[in-house]
Amino acid sequence: MKLNFLYSLLFILLWLPHHNTLAQHASAGGRFEADYIKGCAPLTVNITQVGLPGLTRTYDYDRDGLFEGNLTTYTFTAPGTYTILEIVANQIPRADSITIEVIEPLEPEYTVRNCANNNVKIDITDTYYDRFFIDFGDGTNLTVNRGDNVPPHNYGVPNSYTITVRGIMNGANDNCAERIVNINTVNNLVPASINSLNVTTIDPGTGSLVLSYSLNPDIVYELEQAVNEAQNFQMVEVLTEPTLKIVENLNTQDNYYCYRIRATDVCSATTIYSDTICSIVLDAVAQDNNNSISWTTENLNFSNYTVIRDNNPISVINNAAQTRYDDSNVICNQDYCYQLVNNYANGLISTSGQQCVTAFSTDIPDPIQEITSSVVNNEINITWDIPANETPARYFIRKSVNNEPSAPVDTVDSNNYIDNDVNIPANTYCYNISYEDQCGNTSLLSPATCPIILTGSLESNNQVSLTWTDYQGWSMGVNQYFVDVFDNEGNLLGSVPVGNTLSFLDDALARGSQILFYQIRAVSNDATPRESVSNIFRVQLEVLIFLPNAFTPNGDGLNDFFEAKGLFFQSFSMKIFNRWGELIFVSDNADVGWDGTFNGKLMPEATYVYRVDVTDFTGLKSSRSGGVLLLRK
């Protein structure tokens, strides 16, 4: 026991001097000390061994089971809580330890504001560190506790300075992060200058606008906003963008927003403001033949409004009280986009967002008045004049047969129509036309147009009897009708004006053609006459053959020849027979008749038999036969 006592006394005597002169943070068992047990990463810790000289000691700094031997200096690179474990061979207890706290080296949070007369105010908002070391960059420094008010610092002369603030943790190594701010001091605060305000998106929740301004880079400016008024401003944020600020998530559909920029001398508690500018709430509504825009804003330093349509100015308004503009110079179904510019007297410009509408009109377009309908190749061709200042999108055709009520039959895109579903001249036809204009409005029905339907007959005396229906379709009416007559080759044989009568009797034989074509032509009362034609009535006359029953070939020049007279002979043959059936004369020319001789000898008075064969111009064959009396008186 005496020996154990002596060893214990020796341990105490050897331990006391080292404890008083080395590291100040003792391990749990007192066998070693650390110079720091708290600090920012990277944190270097130095170990000082206490007592028990000559013993073998090993250390594990990060409790990963891997010992770093007797290394007594170690750097912790990452934030966290660590335990340094010491193992001493042949000792009881063998282990000793100490806890190390390594914190993240965050830059301290603070703001620097310039004040007048080269003063600077530092406002430390950081809550991470306990204390702060401030280096003002002019040879002066200051240490303050968290939450302390840092008094203004005066630099005396304007210049560029570097301010450094470092965070300090109580009971920790002074190795934490610092933040540097470079400033240029100013003699006087300069107000911000607002240039323009543009609403870029109109929306009740995600609207946005862009504020353009000019700032002094050495002064802190704060943006203030008021809603639907130019007072009761609220601070939005400290401006960090030098020239533009995009403000988002606004109700630009229903609200206008007023802005001003504040610069505050926090050293003397004085404030200066920029001019105020307000956005514009613009609404556009399409009305009948008119687009109406209305707006709401504040009239501050008003000069005038400019109305913009499709990116072009269309009107300048000098009345600040006016809140509406009507644009009647619009075309239906066209899109128009409007903006309003508020020009301030002090040069500021506020531009609304763009509102677009589609113009419309409910005006009933003028009906079609002038229609020409004709019968061509057994079809009815209809054309009509487009009403002035109209651009129809499509036309609607209605048809009446034999004066029955009309019914829709077709829709067309151009101002002409051909109806081939007709039975002429058995039926009569009338048409009405309406149209849809570019605005989607439908005109009233046009007056009826009824083409001329011609009917006729060939009378027994070769007279052609014609009747026709009255033409309808022209607002000025029919001036007169013409009966046009054509031959089989289409040559016009005659055109007979008949006034406004609806019938005509023509001497067909006088036309000199076996086949005749009749057509009625109506001429309007217009200064530039219009014409309409009827269907064609075709007449085919029968071949005419005239043969005498006696002739006197005595040389007196009267009835000296037996010959056939007639019309429409294309080919001709005449044969003469005596009473015994002997052929005594033949002619294939209607102009060559029989002179009463046979082989140069006079034939006696008697009755002779003839046969005449004729083919007309239609290919129809006709024959005549009979007896002719030869007299020589």
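Brief remarks follow.
- Checking every one of the trypsin sites (Lys or Arg not before Pro) in segment 30-84 against DSSP loop status and a limit of 16 other Cβ atoms within 10 Å picks out 63.
- For segment 341-353, Karplus couplings with θ = phi - 60° (6.51, -1.76, 1.60), whole Hz, Gly/Pro x: 10, 9, 8, 7, 5, 8, x, 6, 10, 10, 10, 6, x
- Put simply, the amide H of residue 304, placed in the peptide plane, has neighbours under 5 Å in 343, leaving out anything fewer than 5 places away on its chain.
- J(HN,Hα) series, segment 620-626, from Karplus relation 6.51 cos²θ - 1.76 cosθ + 1.60, nearest Hz, glycine and proline x: 7, 9, 9, 10, 9, 8, x
- Amide H partners (placed H, <5 Å) of residue 370, local residues excluded: 385
- Karplus-based coupling profile of segment 498-508, in residue order and whole Hz: 10, x, 9, 6, 10, 8, 6, 10, 10, 7, 5, with θ = phi - 60° in 6.51 cos²θ - 1.76 cosθ + 1.60 and x standing for Gly or Pro.
- Fraction in percent of alpha-carbon pairs per bin - 5 Å, segment 488-573: 3, 9, 16, 16, 12, 11, 8, 7, 6, 5, 3, 2, 1, 0
- With a simple spin-label model that places each label point 7 Å from the Cα along the Cα-to-Cβ direction, the separation between residue 170 and residue 549 comes to 16.3 nm.
- Other-chain or far-sequence residues with amide H under 5 Å of residue 97's (modelled H): 28, 29, 86
- Here the chain is described by how far its Cα atoms reach on the three principal axes: 208, 72, 44 Å, from widest to narrowest.
- Å² per residue, accessible surface of the chain at 1.4 Å: 51
- Measuring nothing but protein heavy atoms, the accessible surface of segment 416-530 at 1.4 Å probe radius is 47 percent carbon and sulfur.
- When shorter helices are ignored and each DSSP H run of at least 4 residues is given -39500 (n - 2.57), the per-residue value for the chain at 222 nm works out to -1000 deg cm²/dmol.
- Along the chain, the longest continuous region that contains none of the GluC sites (Glu not before Pro) in a DSSP loop with at most 16 other C-beta atoms within 10 Å is 230-389.
- For the chain, the longest principal axis of the Cα atoms and the long axis of helix 2-21 meet at an angle of about 60 degrees.
- Length released on extending from residue 314 to residue 244, taking residue separation times 0.36 nm less the Cα-Cα span: 22.3 nm
- On segment 215-303, 42 percent of the accessible area sits on carbon and sulfur atoms, based on a 1.4 Å probe.
The values are calculated or read from the model by the stated rules, or taken from the named source; none is laboratory data. As the structure is a prediction and not an experimental result, all values here were calculated from the model. With ideal geometry, Cβ positions are generated from the backbone for all residues, glycine too; neighbour counts draw on all protein chains shown. Heads up: the accessible areas ignore ligands, DNA and RNA and are worked out on the full protein's heavy atoms, side chains in. Shrake-Rupley method; radii C 1.70, N 1.55, O 1.52, S 1.80 Å.
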